[in-house]
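See below for the structure under consideration.
The values are calculated or read from the model by the stated rules, or taken from the named source; none is laboratory data. Quick caveat: nothing in here was measured; it's all calculated off a predicted structure. Cβ atoms come from the backbone with ideal geometry, glycine included; neighbour counts cover every protein chain shown.
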């Protein structure tokens with residue numbers, strides 16, 4: 001549910017907001033403002049997290065690091081491979097596997113704890129995208145290896 005709010009913006013902010021909305025069809029000043037305020041609040045609640053655009057939409061990432069979903073996907077893989085790992089050992093193993101310091105892994109885990117469904121959805125979407133890309137590559141390879149041409 002949304003609640004109406006009256007907010008005053010500086011003229012420069014309004015111009016930049018309008019320019020952003022104009023450059024992103026399908027958005028509105030209201031939806032963009034809501035998105036950016038939500039992201040700013042999340043960044044404030046989770047220092048070390050930032051948001052970045054991409055082909056599948058905006059997503060949470062570590063500042064100067066990978067997306068949160070990538071870290072959590074690695075963590076889940078390690079949990080499956082070595083179910084007996086304790087918390088600290090799991091963080092250390094994830095850090096080693098991803099090339100991150102353990103403190104960055106913990107930042108990703110804290111964000112995941114707060115927004116688990118969002119991160120899980122991103123992991124699933126990226127697995128599907130990877131599967132589709134692999135299937136397209138395999139089909140391309142089959143075509144390139146074909147011995148005869150259709151005339």
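Are any residues in segment 28-41 surrounded by 15 or more Cβ atoms within 10 Å (Cβ to Cβ) and in contact with a helix residue (DSSP H, G or I) (Cβ under 8 Å, 6 or more places away or on another chain), and if so, which ones? Before the answer, list the steps.
Just the residues of segment 28-41 that are surrounded by 15 or more Cβ atoms within 10 Å (Cβ to Cβ), to begin with: 32-33, 39.
Listed by number, the residues that qualify are 32, 33.
Taking segment 103-117, which residues are in a helix (DSSP H, G or I) and surrounded by 15 or more Cβ atoms within 10 Å (Cβ to Cβ)? Working first, answer last.
Our first condition is that a residue be in a helix (DSSP H, G or I); within segment 103-117, this holds for 103-114, 116-117.
Within segment 103-117, 104, 105, 106, 107, 108, 109, 110, 111, 112 meet the criteria.
I need a count of the residues in segment 84-108 that are within 25 Å of residue 128 (Cα to Cα) and either out of contact with any helix residue (DSSP H, G or I) (no Cβ under 7 Å at 6 or more places or on another chain) or in contact (Cβ under 8 Å) with a residue 60 or more places away in the chain (or both).
1
Does segment 120-141 contain any residue that is more than 29 Å from residue 47 (Cα to Cα) and in contact with a helix residue (DSSP H, G or I) (Cβ under 8 Å, 6 or more places away or on another chain)?
Within segment 120-141, not a single residue is more than 29 Å from residue 47 (Cα to Cα) and in contact with a helix residue (DSSP H, G or I) (Cβ under 8 Å, 6 or more places away or on another chain).
Considering only segment 16-71, state which residues are in contact (Cβ under 8 Å) with a residue 24 or more places away in the chain and part of a loop (DSSP other than H, G, I, E, B).
46, 47, 48, 56, 65, 66
Can you tell me which residues in segment 66-89 are within 15 Å of residue 118 (Cα to Cα) and surrounded by fewer than 11 Cβ atoms within 10 Å (Cβ to Cβ)? I'd like the intermediate steps shown before the answer.
Keep residues of segment 66-89 that are within 15 Å of residue 118 (Cα to Cα), which gives 67-73.
Listed by number, the list is empty, since nothing qualifies.
Is it true that residue 111 is within 16 Å of residue 60 (Cβ to Cβ) and touching a helix residue (DSSP H, G or I) at 6+ places or on another chain (Cβ under 6 Å)?
On the way: within 16 Å of residue 60 (Cβ to Cβ): yes; touching a helix residue (DSSP H, G or I) at 6+ places or on another chain (Cβ under 6 Å): yes.
Considered against the rule, which asks whether it is within 16 Å of residue 60 (Cβ to Cβ) and touching a helix residue (DSSP H, G or I) at 6+ places or on another chain (Cβ under 6 Å), residue 111 comes out as yes.
Give 63, 32 a once-over and let me know the one that is more than 16 Å from residue 115 (Cα to Cα) and touching a strand residue (DSSP E or B) at 6+ places or on another chain (Cβ under 9 Å). Spell out the reasoning first.
Working: 32 fails: touching a strand residue (DSSP E or B) at 6+ places or on another chain (Cβ under 9 Å).
After ruling out the rest, the residue left standing is 63.
Hey, does segment 2-19 have a residue that's modelled with pLDDT under 95, within 23 Å of residue 99 (Cα to Cα) and either surrounded by fewer than 12 Cβ atoms within 10 Å (Cβ to Cβ) or assigned by TED's automatic domain parsing to the domain that holds residue 119 (or both)?
no
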